[in-house]
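One structure is given here, and the rest of the page talks about it.
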Ligand code: MRU
């Protein structure tokens, strides 16, 4: 295999600007996002002064990834409250922006619940808004903490599964600091392995059609000085066949009660490959991604995106005009193909409904109605 270490050092640089931050300039409070549609070429911030702007940023994937959607959704409710917009209307708009990542609804409902309780208890608009902002900040802080815990627990599990060290890990989509207040989920585990001197190579799927792997994961791997190699999604099979993959690490957008995992389209084929080649397939996600109210994989709503994303590449049309495209944003991996689910509250393996229920019961996540 060709070595790409030289490439990593070319791109390495200081830590990127935060994926999301609350700011209070004189013109009024805003939510500032690192515009992920412009990476890796430009690090440009996108300032959201209202909820429709944030909804658009969510739908265009300027801000994306399950944990960050939860934090962003929470701040969106706070933004509405602080700026005096209708909070119920804002919450409905935000929750409906994308359907699959359960964290978005969790973040929105949690902050809206705090706001409504404050108002019910006699808070005026200003105090209600302050309570909403405090709740969004809590969510933000908790996400960073969960990320650090997942990295520790995930590395422990990897070392158990692969006692020899020198891990060669394949990952899909983007699951690093760009999707989290911390260092992310699956990527944070790979990063912990790198820091511990136990990552031999990070295989990065490009992740068609929007290239979250090529544009975002490769960018994060380079900045962290990791040994990484980019591959087209189609090349994963031959990589497994060549014995070059020791484990697959992915994140999740929603984990149903039976352990079915919705994640970026292309995750399920990797799970099938991993099973065939006897390679561990590990899902890393905060407990906020586990949705016990969705019974199984068939009940998960998978976002369908515009066909134009498939029919062009880098803005250049690659299919005849009028071609129909199938463009689901996610797919669903059944629990029997998942070796383990790693969360901040612990790991479950095998992945069963009972184990997930017990895990959620002992997690410290705030429950919402
Ligand atoms: O469509 P995206 O880019 O929001 O999809 C993101 C993913 O599928 C991630 O793998 C998932 O949200 C987990 S992020 C920790």
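The values are calculated or read from the model by the stated rules, or taken from the named source; none is laboratory data. Model, not experiment: these values are computed from the prediction. When we count neighbours, we look across all protein chains shown, and the Cβ atoms used for this are built from the backbone with ideal geometry, even at glycine.
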Go through the stretch 280-324 and give me each residue that's more than 28 Å from residue 334 (Cα to Cα) and in a strand (DSSP E or B).
312, 313, 316, 317
How about the stretch 36-92: which of its residues are under 21 Å from the mean Cα position of the chain (by Cα), part of a helix (DSSP H, G or I) and more than 18 Å from residue 22 (Cβ to Cβ)?
56, 59, 66
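State whether one or more residues within the stretch 214-231 are away from the ligand (no atom under 13 Å from the Cβ), free of Cβ contacts under 8 Å to residues at least 40 places away in the same chain and over 17 Å from the mean Cα position of the chain (by Cα).
Yes.
Each row is one residue, and each column tells you yes or no for (1) within 16 Å of the ligand (Cβ to nearest atom); (2) buried (at least 24 other Cβ atoms within 10 Å of the Cβ); (3) in a loop (DSSP other than H, G, I, E, B).
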position	(1), (2), (3)
148	yes, no, no
152	no, no, no
155	no, no, no
160	no, no, no
170	yes, yes, no
174	yes, yes, yes
184	yes, yes, yes
189	yes, yes, no
193	no, yes, no
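For the stretch 111-126, how many residues meet the condition of being within 12 Å of residue 78 (Cα to Cα) and in contact with a helix residue (DSSP H, G or I) (Cβ under 6 Å, 6 or more places away or on another chain)?
Number of matching residues: 4.
Rundown of residues vs (1) within 16 Å of the ligand (Cβ to nearest atom); (2) in contact (Cβ under 8 Å) with a residue 60 or more places away in the chain; (3) within 12 Å of residue 50 (Cα to Cα), yes/no style:
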site: 77; (1), (2), (3): no, no, yes
site: 80; (1), (2), (3): no, no, yes
site: 85; (1), (2), (3): no, no, yes
site: 103; (1), (2), (3): yes, yes, no
site: 106; (1), (2), (3): yes, yes, no
site: 110; (1), (2), (3): no, yes, no
site: 117; (1), (2), (3): no, no, no
site: 126; (1), (2), (3): no, no, no
Would you say residue 279 is buried (at least 18 other Cβ atoms within 10 Å of the Cβ) and within 14 Å of the ligand (Cβ to nearest atom)?
no
Out of curiosity, is residue 227 in contact with a strand residue (DSSP E or B) (Cβ under 7 Å, 6 or more places away or on another chain) and buried (at least 19 other Cβ atoms within 10 Å of the Cβ)?
no
Can you pull out the residues in the stretch 325-344 that are in contact (Cβ under 8 Å) with a residue 24 or more places away in the chain, in a loop (DSSP other than H, G, I, E, B) and farther than 17 Å from residue 186 by Cβ?
327, 329, 334
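Only one residue in 144, 236 is surrounded by fewer than 24 Cβ atoms within 10 Å (Cβ to Cβ), more than 14 Å from the chain's Cα centre (by Cα), assigned to a helix (DSSP H, G or I) and within 16 Å of the ligand (Cβ to nearest atom), so which one is that?
236
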Looking at the stretch 118-128, can you tell me whether even one residue there is at pLDDT 95 or above, crowded, with 24+ Cβ neighbours inside 10 Å and assigned to a helix (DSSP H, G or I)?
no
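Here is a yes/no grid of residues against (1) loosely packed, with under 15 Cβ neighbours inside 10 Å; (2) in contact with a strand residue (DSSP E or B) (Cβ under 6 Å, 6 or more places away or on another chain); (3) modelled with pLDDT under 95; (4) within 16 Å of residue 223 (Cβ to Cβ):
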site: 1; (1), (2), (3), (4): yes, no, yes, no
site: 5; (1), (2), (3), (4): yes, no, yes, yes
site: 13; (1), (2), (3), (4): yes, no, yes, yes
site: 19; (1), (2), (3), (4): no, yes, no, yes
site: 26; (1), (2), (3), (4): yes, no, no, no
site: 31; (1), (2), (3), (4): no, yes, no, no
site: 36; (1), (2), (3), (4): no, no, no, yes
site: 39; (1), (2), (3), (4): no, no, no, yes
site: 47; (1), (2), (3), (4): yes, yes, no, no
Could you check how many residues of the stretch 241-254 are part of a strand (DSSP E or B) and under 19 Å from residue 275 (Cα atoms)?
4
Scanning the stretch 151-180 residue by residue, those free of Cβ contacts under 8 Å to residues at least 24 places away in the same chain and more than 13 Å from residue 282 (Cα to Cα) turn out to be 163, 164
